Amino acid sequence: MHISEGVLSPAVLAGGAGLAAVGTAIGLKKLDYEAIPRVAILSAAFFVASLIHVPVGPVGLHLVLNGLMGLLLGWVAVPAILIALLLQALLFQFGGLTVLGVNTVTMAAPAVICFYAFRGLLRRPGTPAAVGAFACGATAILLSGLLVAAALITTGQAFSKVAALILAAHIPVMLVEGVITLFIYLFLQKVRPEMLEGLYA
Amino acid sequence: MGRASVPAGRSAARDGRSTNLWLSSNFSEQANDEEDRFLSPLEEPFSAGASPAHRLDPRGRIVVTALFAVLMAVAQTYAATLAGLALALCCLALARLPLQKVGLRLLVVNSFIFLLWFVLPLTYPGDAVWRCGPLAVTRQGLVYAGLITLKSNAIIIALMALIATVPVVTLGQALHNLRLPDKLCHLLLFTYRYLYVLEQEYHRLIQALKIRGFRPRTDLHTYRTYAYLAAMLLVRSYDRAECVYQAMLCRGFHGTFYSLWRFSWQRRDGVFLGAATPALAALLYLEWGMRLM
């Protein structure tokens, strides 16, 4: 869920922008010039994948896949997600300019955390890797929800109910993302295992 | 750009048209022609045009919009916010965008704001203006939700009028010109360039699913199918990336893009900046003056 413009307090916006800038700097440092086409085309694929709407009961949820992005890209996921959010702001006017930093942090921080948290589990073939893939997808969404809620609550206590609602809405998304990340992981392992090599780097 | 990845023959001809349009700013228009059949959600409906706003130097527009957005985001008074909204509407008039499309966009983009209207008036502490059982709508809550709505829409309208009117390719070059990191600008240009290509790939996969009678439901089969669809998209993007990179090496790529586009700062850009600076200063004065009152 993107936070709209004009909602958050200046302190939260500035904090988010600062963190996003640091994360982007680290990501760009780890990104070689040769890798730019690869990373860019992969993030374009993630952008298009996020247009897929998956039915959950009567509503359609769109895929986020930030956990998987973290798994494949590590720290480089931060600039990739920043670019994706900028393009969303430009093409659909979702999110926006001043909230770009905060939205980048809420999406990219979970990606990087999941990269480090589940790398070990995913290196072990068989059931541990499958569990790790599910957990990675689900945890990334949970963390995103928590960060959105935290950004709203630090803006003002008035948002606590909104934050709780948003967090509750993340629970079904979490399960769906977990299942889908698991299947994508299994597919990639079978079809193109070298794509997962970033894990072993 | 390098082709020859998975479903070669079929898409080669179609993609061939957009080859080497890297540096031309009207690339998006050409892509849109191809996408129209799919009613692509990725179209840039506002970037084409010849209005006064479209003709301004993108760098000036970016700087002014960024300053305006920051000012609006920190504003806490109705006076400054309403003045800001008026300014944003002036910019919209300057950009002569199709109002119906703008309205539709605003409606979709305001979904988060609608959620706030449902919750904030009921939960914000303050004097009740309307009661219904245990629920009380507070005046402060309504005032706050109204303020947020105005701020949010002022920024979005300015964004649409001044920045969404720059084609993304030009925007990438302008950001580079404004001293953003090289790699970030390259990432932006590359990602944007391949969005449309991968969207085509996505539609091809969806068509293949439909032909085989796939109907999305809430079950594991659907989730597995969508997962494989997304995974196939990633695999194809990976293959394509290899080809693209090799093709670029063949053509002597060594980390720089050369642009034939030159930004030229003209008199109208000076006039725009000359009008925007006092307007932004007035907003700032209004905000601080009202806060001190």
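Each of A:V59 and B:R55 was given a label point 7 Å from its Cα along the Cα-to-Cβ line. The distance between the two points is 4.7 nm.
The trypsin sites (Lys or Arg not before Pro) of the stretch B:185-256 meeting both criteria, a DSSP state outside H, G, I, E and B (loop) and at most 11 other C-beta atoms within 10 angstrom of the site's C-beta, are B:R212, B:R217, B:R251. Between the amide H of A:L61 and those of A:V54, A:V56, distances stay under 5 Å, these residues lying 5 or more places away or on another chain, with hydrogens modeled in the peptide plane. Put in order of Cβ neighbour count within 10 Å, fewest first, the listed residues B:T277, B:T123, B:T191, A:T154 become B:T277, A:T154, B:T123, B:T191.
In degrees from 0 to 90, rounded to the nearest 10, what is the angle of the helix B:99-109 Cα long axis to the longest principal axis of chain B? Tilt relative to chain B: about 90 degrees. Value of Rg to Rh for the stretch A:10-200, rounded to two decimals, is 0.96; Kirkwood radius and Rg both from alpha-carbon coordinates. The angle between the Cα long axis of helix B:182-211 and the longest principal axis of the Cα atoms of chain B comes to about 70 degrees, rounded to the nearest 10.
Listed by Cβ neighbour count within 10 Å, with the fewest neighbours leading, B:H254, A:H2, B:H203, A:H62 appear as B:H254, A:H62, B:H203, A:H2.
Span-like helix criteria (full DSSP H runs; alpha carbon extent of at least 27 Å along the helix axis; mean Kyte-Doolittle hydropathy of at least -1.0) are satisfied in chain A by A:10-30, A:100-123, A:127-155, A:160-191. Partners of A:K29 within straight-line reach, counting lysines whose Cα lies under 24 Å from its Cα and excluding those fewer than 8 residues away in the same chain: B:K183.
For peptide B:62-69, the mean count of partner chain Cβ atoms within 10 Å of a residue's Cβ comes to 2. Averaged over peptide A:177-190, the number of partner chain Cβ atoms lying within 10 Å of each residue's Cβ comes to 4.
Label sites at B:A247 and A:I171, each approximated as a point 7 angstrom past Cα along Cα to Cβ, lie 4.9 nm apart.
Working from label points 7 Å from Cα in the Cα-to-Cβ sense, the B:A86 to A:V131 distance is 6.4 nm. Of B:K151, A:K190, the sequence from fewest to most neighbouring Cβ atoms within 10 angstrom is A:K190, B:K151. Per-residue mean of foreign Cβ neighbours for A:95-102 is 5 (Cβ atoms of other chains, 10 Å radius).
Distance between the C-alpha centres of the stretch B:61-86 and the stretch B:199-260: 40 Å, rounded to the whole angstrom.
Coordinate-derived values only; no laboratory data. Please read all numbers here as calculations on a predicted model, not as lab measurements. All Cβ positions, even for glycine, are placed from backbone atoms using ideal geometry, and neighbour counts span all protein chains on display.
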